[in-house]
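The values are calculated or read from the model by the stated rules, or taken from the named source; none is laboratory data. Everything numeric in this text was worked out from a predicted model, so none of it was measured. Backbone-built Cβ (ideal geometry, glycine too); neighbour counts: all protein chains shown. For the accessible areas, the whole protein counts, side chains as well, though only heavy atoms, and no ligand, DNA or RNA atoms are used. Shrake-Rupley method; radii C 1.70, N 1.55, O 1.52, S 1.80 Å.
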Amino acid sequence: MIEQRNLAFPFQDPPAPGQVIEVAAGILWARLPLPYRLNHINIYFIDDGDGWAILDTGIGDDATRAAWEALVAGPLRGRRLTRLIVTHHHPDHIGLAGWLCEKFGLPLLTSQTSYLGCLNISLSPEAFGAKAYREFYQRHGLGAATTEIVSTLGHDYLKKVTALPLSFNRLVAGDSLNIGGRTFSVLTGDGHAPEQVMLYCVDEKLFLAADQVLARISPNVSVWAVEPEGDPLGLYLRSLRAIKATLSEDAMVLPGHQLPFKGLPIRIGELIDHHRARCAIIAEACRESPKSAADLLPVLFNRQLDPHQTSFAFSEILAHVNYMMRKDELAWAESKHGVRRMLTV
Ligand SMILES: [Zn+2]
Ligand SMILES: [Zn+2]
């Protein structure tokens with residue numbers, strides 16, 4: 001057991017490729033590769049009587065299909081797969097849902113928003129490039145290269161996601177889900193992804209947290225052009241507080257990335273503090289002179305960002321801006337050259 005920052009990490013090393021680690025009786029943890037700086041996703045197998053229920057899928061690429069083949073031929077051999085639970089519509093979590101459901105004849109269980117969110121992008125990937133959306137980014141000062149990237153995110157998404165099954169079983173917050181005799185409460189939380197599903201086993205204090213609470217990184221919380229006045233940060237903080245108020249302090253957190261850990265209230269406190277500190281930096285910068293959201297990029301990110309990273313950084317900044325606007329900590333000042341700028345109130 002390694003202690004760091006008061007979080008406890010019961011497993012020092014992740015499972016090797018093609019291997020699993022039993023993190024609790026009848027719950028297996030495996031890792032799949034991701035072609036990003038965050039180079040992996042955790043998936044879990046939950047004992048479901050005569051087989052395994054799956055939680056999350058990995059991205060829809062050949063490397064991940066190969067990793068699945070290795071798991072099925074290796075540690076999972078001899079027992080069937082029973083059903084697939086997907087936590088949210090991001091490609092690393094839902095990417096192979098269609099492929100897995102088809103290949104193994106599995107029902108898909110997820111939230112309505114996860115299912116429809118994925119379907120929506122799949123049906124009209126070109127919608128990201130709508131004129132109104134491009135204008136939204138330009139109005140906040142974003143350059144042409146980054147606007148172009150945000151405009152093509154739909155096509156990018158489709159490259160990583162296999163076509164969903166035509167039907168699904170809806171998971172709703174407050175439901176109880178029986179998996180192999182174990183009872184999980186279904187929780188959902190917003191902010192990182194709308195209506196992200198999390199599962200909590202009260203009896204054994206096991207929390208399958210998806211991307212809502214990670215040990216080392218702050219999950220991405222972004223405003224998108226489709227909901228320009230949205231408040232994902234407010235919703236994220238609300239969800240964190242609800243988790244903290246509801247779950248046991250010494251729950252074992254089984255997250256979508258990085259290592260499982262204990263110390264949920266500590267980590268939630270850190271995440272809340274992180275966002276509070278970001279808001280304070282924005283307030284300081286906008287006190288001196290009016291700033292656009294794009295002007296805040298170098299203030300909040302002191303490293304060189306490529307256009308892809310810029311698009312994510314920018315959408316995160318907007319999440320903080322919209323949150324602060326709602327709290328009357330920022331107000332819109334005059335526009336300059338068609339770009340909106342804000343001032344600290
Ligand atoms: Zn995610
Ligand atoms: Zn993820």
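Extension gain for Arg170 to Asp328 (0.36 nm times residue separation, less C-alpha to C-alpha distance): 53.2 nm. If you count Lys pairs in the chain whose Cα atoms are under 23 Å apart, skipping same-chain pairs closer than 8 places in sequence, the total is 10.
Across every direction, the projection of the convex hull enclosing the Cα atoms of the chain has a mean area of 17.1 nm². Taking θ as phi - 60° and the Karplus parameters 6.51, -1.76 and 1.60, the scalar couplings of the range 28-41 work out to 9, 10, 10, 10, 10, x, 10, x, 10, 4, 7, 9, 7, 10 Hz in sequence order, x denoting glycine and proline. At an R0 of 25 angstrom, the distance between the Cβ atoms of Phe312 and Arg139 translates into a FRET efficiency of 0.85. For the range 120-201, the alpha carbon convex hull comes to 137 Å³ per residue, rounded to a whole number. Label positions at Leu123 and Val339, each projected 7 Å from the Cα along the C-beta direction, are separated by 3.7 nm.
Principal axis extents of the Cα atoms in the range 136-180, from largest to smallest and rounded to whole angstrom, are 51, 25, 17. With a Förster radius of 30 Å applied to the C-beta separation of Ile21 and Glu249, the computed FRET efficiency comes to 0.80. Within the chain, antiparallel bridges make up roughly 75 percent of the DSSP beta bridges whose residues both belong there. Assuming R0 = 56 Å, what is the FRET efficiency of Asp50 and Arg287, from their Cβ-Cβ distance, to the nearest 0.05? My answer for the efficiency is 0.35. The protection proxy used here, the mean number of other Cβ atoms lying within 10 Å of each residue, ranks peptides 195-206, 281-292 as follows, highest first: 195-206, 281-292. Here the accessible area is traced with a 1.4 Å probe on the protein chains. For the range 267-345, carbon and sulfur cover 52 percent of it. Surface composition of the range 114-249: carbon plus sulfur atoms hold 55% of the accessible area, using a 1.4 angstrom probe and ignoring ligands, DNA and RNA.
The length gained on full extension between Asp62 and Gln112, counted as 0.36 nm times the residue separation minus their Cα-Cα distance, comes to 15.2 nm. For q = 0.12, 0.14, 0.15, 0.23 Å⁻¹, what log10 I(q)/I(0) does the range 163-255 give under the Debye formula with an equal point scatterer on each alpha carbon and no solvent? Summing over Cα pairs of the range 163-255 leads to -0.42, -0.57, -0.65, -1.22. Sorted on the mean count of surrounding Cβ atoms within 10 Å across their residues, most packed first, peptides 224-231, 313-320, 144-151 read 313-320, 144-151, 224-231.
Once C-alpha pairs closer than 8 Å and six or more residues apart are averaged by separation and normalised to the residue number of the range 1-56, the relative contact order reads 20 percent. What residues of the range 168-211 lie in the reach of a label at Arg80, counting those whose backbone N is under 15 Å from a point 7 Å from the Cα along Cα→Cβ? So the set is 180.
Heavy-atom accessible surface of the chain, averaged per residue, reaches 43 Å², computed with a 1.4 Å probe. To the nearest 10 degrees, how steep is helix 112-123 against the longest Cα principal axis of the chain, on a 0 to 90 scale? Between helix and principal axis, roughly 70 degrees.
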